[in-house]
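Asker: Once you've had a glance at the structure underneath, I'll fire off some questions.
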Amino acid sequence: MPNEMKGKKDVHQGTLALMVLKTIDVLGPLHGYAIARRIEQISGDLLSVNQGTLYPVLLRLEQEGAISSDWATSENNRRARFYRLTRSGHKLLESEKRDWEQTAAIIARFFEVRAEDLA
Amino acid sequence: MRALNRLFARIRNFATRRQGDKRFREEIEQHIAIQANENMRAGMPPEEAVRQARIKLGSIEAIREQYHQEEGLPVLESLLQDARFAIRQMRKSPGFALVAVLTMMLGIGAPTATFTIVYATLIRSLPYPEADRIVRIHDVRLQGRSTGGLVGVPRFFDLVARSKSFASAGFFYFEDTTLITGTQLPAAVKGAGVNAGFWRVFGVNPLLGRTFGKKDDQPNAPMVAVLSYAAWQHIFGGDSDVIGRQVTIEQQSTTIIGVMPKEFSVPAGIDLWRPAQFAPGSWTWRGEGSRFINVVARLAPGVSLESAQSDLRLIGERLRHEHADTDGLWQFESVGMRDDLYGELKPAILVLFIASGFLLLVACINVANLMLARATAREREVALRRALGASERRIQLQFLTEATLLAIAGGLAGLVLTFLLVRGLGAKLPGRLGMAGFVDMNWPVMVFAVGLAVACGIGFGLAPALRNRGSALNLDLKRNDLQVAGRARGGARNAFISIQVAISLVLLVGASLLGESLWNLLKSPLGFIPEHVLTFRLVLPWNSKPDATRNFYADVQRHLETLPGVIAVGQASALPTEDWHARGTFDADWLPRTDHHDAVNAEVRAISGDFLHALGTPLLVGRALIPGDGVSTPVRVVVNHRFALQYLPVGNLIGRHISNDTGSMEIVGVIADVRGTGGSIAGEIGPEVYFSADGAYPNTRRTFLVRTQVPPEQLVNAIREQIHQIDPHQAIAGVATMDELLGKAVAQPRLNMALITAFALLTLMLACVGIYGVVAWTVAQRIREIGVRMALGATRSQISLFFLGRSLRAAVWGTLVGTLAALLLTRFLRSQLYGVTANNPWVYAISIPLLLVPVFVATLRPALRAATVNPVDALRTE
């Protein structure tokens, strides 16, 4: 993948899926653009989602049954596809979150280790 | 779970061909529109706003590709695409596709057809619950010949009383008998006397009514009978009211209590089962001649066949001590039911299976060759596709798909072929194999065929797939310019020729050996003349009065002799080729008697009428039996030539005596050896003693032999009428000409020979077609080289000889390898050979030219064509 935007991190697909789930969880039903926008905002523009890649992820999550979608009218009267979290999506988010926190905690501890701690 | 959900969604999308493309486009458009709107609000001019929105979104095509991959089943999709492409390719060259499919039809059809037999005999479990726990128990003589494994009743009861290895033990014996229903003419039926344990051994539930238990099996209990499905259909028209019907069997009033399901046929082809009603104490005679029951048993839970066998050995040993006089030379042997039924056929079936596998191998080589040839022709296409970005894997997969499709098409054609063969010939298979529905199309056969086809497809698809691996792209694309010598693939092709020749030779040798065996079997002296003899059976109740029996058979004899067209009429307890055993041991007045070792052990037959003339067996010394020889003192007997050779090689047997418990017998004549006594026409002939059937205890079951001037079938009705006149309660059974019986006896070797020969000829044909193809293709490939050679001064004959020589060298190698392989492999045929040794040089001397002549012709044509090439044209060929 071309990496023209140095300094910004590329997003791993699995991580992106987790972000999508969390975003919908917090903000309720959203359309694709809004999700992309939120992720961008929350990450403080540090993450550049190559915005289009969001759609295959959305499709995948929908096929997994984590989210469902429907056409509806957006805030400025445009027809758009809104995605909402399903029950199993909710569970998925919870378990992914726990996994993530665990991983993060473990990694964090490793970074805190100093040489004398291991002596 | 999630992965499963996703897979289902993918499959659903794939199956419904749902394309989310519209949805994707709409969503993307919305996305861009919103982004553009925002951009405009931020002050961008409209065009720039849209452009920036698009940049931010990324490459739509790449995303769409991703989206699409997420959506369906990409692997399957490319497979389908390959399949469509392959079908287009085949349509473009239907000749290639047709040859390949036809070849595979033969290649898959032959093993599949053989597999129907393999499956029915060696794989499919017998139709009884836990069938692998059922064994046959044979009584086997430690030295000399046994009575076909038959057991005597006292020994059976000893066995049951002492053995702990069996959950139940049963027996059956044959009783040909007459069934009178009251509403129809008497019907001759094949009955079996069985004990109550017999039903527990097999554990098959009746279709209607019940089977019989201990109570019915007590001596003097009211007689009952269980019908087979076939008898129920034929005799009672499948009437379900048959249960409880009173009929007369063996002149005994009998109640029909059950009907067995179609699959249950033990022993094969039986019409009805009756309780034997034997009690342990009621049989005391345990010497020779007392063995007539077939014993089956079900292993007790947790007992292995081996431990049951050692249990049996022990019992046998004890009985040898306790009854040294009668049981001193006998022991019990157990064998699994399947082995008992098909063990004898196994080598023949496996040989056929291997032969059909060879045929498949040759077919595969041919198709692989075709594929290779085409792959070479398509080198540029492949190079082009690779240049356009197709991965190597992708291209290999495509070749594999093409090959597998061809193979599957061939496999399906092969299945159709098998289906036709099974329908057309299944019922004509010899013996048990020919029983309705025994050899059949079923899902294991189909799975076998399709699996074989796929495996072959992958096998010969790999050849071209691997061939193109790693070749230099730029060279491939330019290939046309340097097509001179071709690549060094000639080695592989020559190896193919060698292998095909070798395999063909092995099969030809096998076919010749079996052919010669069959010839020997049919043409070596039989000891009788099978032509123009009609045979049939008459059975009186076993407890008929001796006088009545003798008179009845004498009456029949007289009546038949007066029929026009009849030359001679004879009677015998059993016919040659009939699986019927009776042996006796005797002392001989010219041989010393040793304890427990009787001087003479011989097969015993009872005859009457003009047996010798009716059968066409010559009298060698002395005279034939005449009426009265059975009731004279001493009774008079004749013996066969083998008897004389074995027991008195020098000297005159006439007037000498043999004896056993029943008294002394005088030998009055020696007749020629008759083959087929006891059933096997190929078996070695043993000593035989012929008594008169009209002795003090005349035989109630007799087979008549009627030698005729007219075709024997014409006499059947006249004979039926005569018998009916003499006794309206009698029905004649087992009507067959001696020719037919002989045909049945050699049906199995004949089938083997026919199939192996068919396989050998098909293989040879395929090999020739394949070799022709290879040489022709090589010539075509090297046409420019031929042009160059000719331009440089090579003569036409040099060119022809060059191609001919190369191929024939390969063929000679193949012949050498094939000869070695045949020498090794024909050892497995040994058990099926008769009168010919496996490494008979004549067989090779005939097979090798039979093989090389067509191979030479197949090579010659394209080689000669190579010489007709016009060098100018050849050099211009693109």
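Since every read-out is calculated from the coordinates, none of them should be taken as a lab result. The model shown is predicted, which means the values in this text are computed figures rather than measured ones. Reconstructed Cβ throughout: ideal geometry from the backbone, glycine too, with neighbour counts over all protein chains shown.
Asker: Could you quote the convex hull projected area for region B:2-72, Cα atoms only and averaged over all directions, in nm²?
Answerer: Averaged projected hull area, Cα only: 5.5 nm².
Asker: A further question follows. Work out Dmax and Rg for region B:216-260 from the C-alpha atoms and quote the Rg first, both in angstrom.
Answerer: Values for region B:216-260 (Cα only, Rg and Dmax): 10.7, 32 Å.
Asker: In addition: What Rg and what Dmax come out for region B:708-800 when only alpha-carbon atoms are used, in angstroms?
Answerer: Taking only Cα atoms of region B:708-800, I get Rg and Dmax of 31.9, 98 Å.
Asker: Using a Förster distance of 41 angstrom, determine the FRET efficiency expected from the C-beta separation of B:A758 and B:R865, and round it to 0.05.
Answerer: 0.85
Asker: Using only alpha carbons, build the gyration tensor for region B:669-723 and give me the equivalent ellipsoid semi-axes, biggest first, whole Å.
Answerer: 26, 19, 11
Asker: Expressed in whole Å with the largest first, what are the equivalent ellipsoid semi-axes of region B:540-649 derived from the C-alpha gyration tensor as the square root of 5 times each eigenvalue?
Answerer: They are 29, 18, 14 Å, listed from largest to smallest.
Asker: To the nearest 20 Debye, how big is the dipole of the protein assembly as shown about its Cα centre, given +1 on the beta carbon of each Lys and Arg and -1 on that of each Asp and Glu?
Answerer: Dipole size: approximately 4060 debye.
Asker: Please state, as a whole number in µm²/s, the translational diffusion coefficient that the Stokes-Einstein equation yields for chain B at 37 °C and 0.692 mPa s, with Rh defined as the Kirkwood radius across alpha carbon pairs.
Answerer: 98
Asker: State log₁₀ I(q)/I(0) for region B:82-135 at q = 0.15, 0.19, 0.21 Å⁻¹ as given by the Debye formula over alpha-carbon point scatterers of equal weight, solvent excluded.
Answerer: For the requested q values the scattering log ratios are -0.62, -0.75, -0.82.
Asker: Residue separation times 0.36 nm, minus the C-alpha to C-alpha distance between A:R98 and A:T73: what's the value?
Answerer: Net length gain for the segment: 5.6 nm.
Asker: Scaled to the compact-protein estimate 2.2 N^0.38 Å, what is the alpha-carbon radius of gyration of region B:32-131, rounded to two decimal places?
Answerer: Rounded to two decimals, the normalised Rg is 2.38.
Asker: By what distance, in whole Å, do the Cα atoms of the protein assembly as shown stretch along each of the three principal axes, largest value first?
Answerer: For the protein assembly as shown, the Cα extents along the three principal axes come out at 137, 86, 72 Å.
Asker: Mind checking which of B:L591, B:V689, B:V533 is farthest towards the positive end of chain B's charge dipole, using Cβ charges of +1 (Lys, Arg) and -1 (Asp, Glu) about the Cα centre?
Answerer: Looking along the dipole axis, the top candidate is B:V533.
Asker: From the P(r) of region B:217-306, could you give the percentage of C-alpha pairs in the tail past 18 Å?
Answerer: In whole percent, the share of Cα-Cα pairs in region B:217-306 beyond 18 Å is 59.
Asker: Evaluate Rg over Rh across region A:46-114, taking Cα atoms for both radii and Kirkwood's formula for Rh.
Answerer: Rounded to two decimals, Rg/Rh equals 1.15.
Asker: Further question: Can you give me the long-range amide H partners of A:S74? Hydrogens built in the peptide plane at 1.01 Å from N, cutoff under 5 Å, separation of 5 or more residues or another chain.
Answerer: Sorted by chain and number, the residues that satisfy this are A:R79, A:A80.
Asker: Another question, if that's okay. Helix-only mean residue ellipticity at 222 nm, chain B, DSSP H runs n ≥ 4 weighted -39,500 (n - 2.57), per residue, nearest 500. What is it?
Answerer: -17000 deg cm²/dmol
Asker: Further, regarding this structure: Relative contact order (percent) for chain B, with alpha-carbon contacts under 8 angstrom and 6 or more residues of separation?
Answerer: 15
Asker: So, one more: For region B:604-673 and region B:804-859, what is the separation of their C-alpha centers, rounded to whole Å?
Answerer: For region B:604-673 versus region B:804-859, the Cα centre distance is 49 Å.
Asker: Let me ask something else about it. Roughly what % antiparallel, to the nearest 5, for the DSSP beta bridges in region B:541-729?
Answerer: 70
Asker: How much FRET efficiency would the formula 1/(1 + (r/R0)^6) give for B:L305 and B:F85, where r is the Cβ-Cβ distance and R0 is 56 Å, rounded to 0.05?
Answerer: Calculated transfer efficiency: 0.50.
Asker: Can you divide the C-alpha Rg of region B:251-296 by 2.2 N^0.38 Å and report the result to two decimal places?
Answerer: 1.52
Asker: Taking the DSSP beta bridges in chain B as the whole, what percent of them are antiparallel, to the nearest 5?
Answerer: Of all bridge pairs located within chain B, approximately 80 percent are antiparallel.
Asker: Moving on. What percent of all Cα-Cα pairs in region B:144-328 falls into each 10 Å bin, going from 0 up to the bin containing the maximum distance?
Answerer: Once binned at 10 Å, the Cα pair distances of region B:144-328 give 9, 35, 32, 18, 6, 0.
Asker: Restricting to Cα atoms and excluding each atom paired with itself, what does the Kirkwood estimate give for region B:187-256 in Å?
Answerer: Mean inverse Cα-Cα distance, inverted, gives 13.0 Å.
Asker: May I have the pair-distance distribution P(r) for region B:541-729, computed from all Cα-Cα distances with 10 Å bins from 0 and rounded to whole percent?
Answerer: 9, 35, 36, 16, 4, 0
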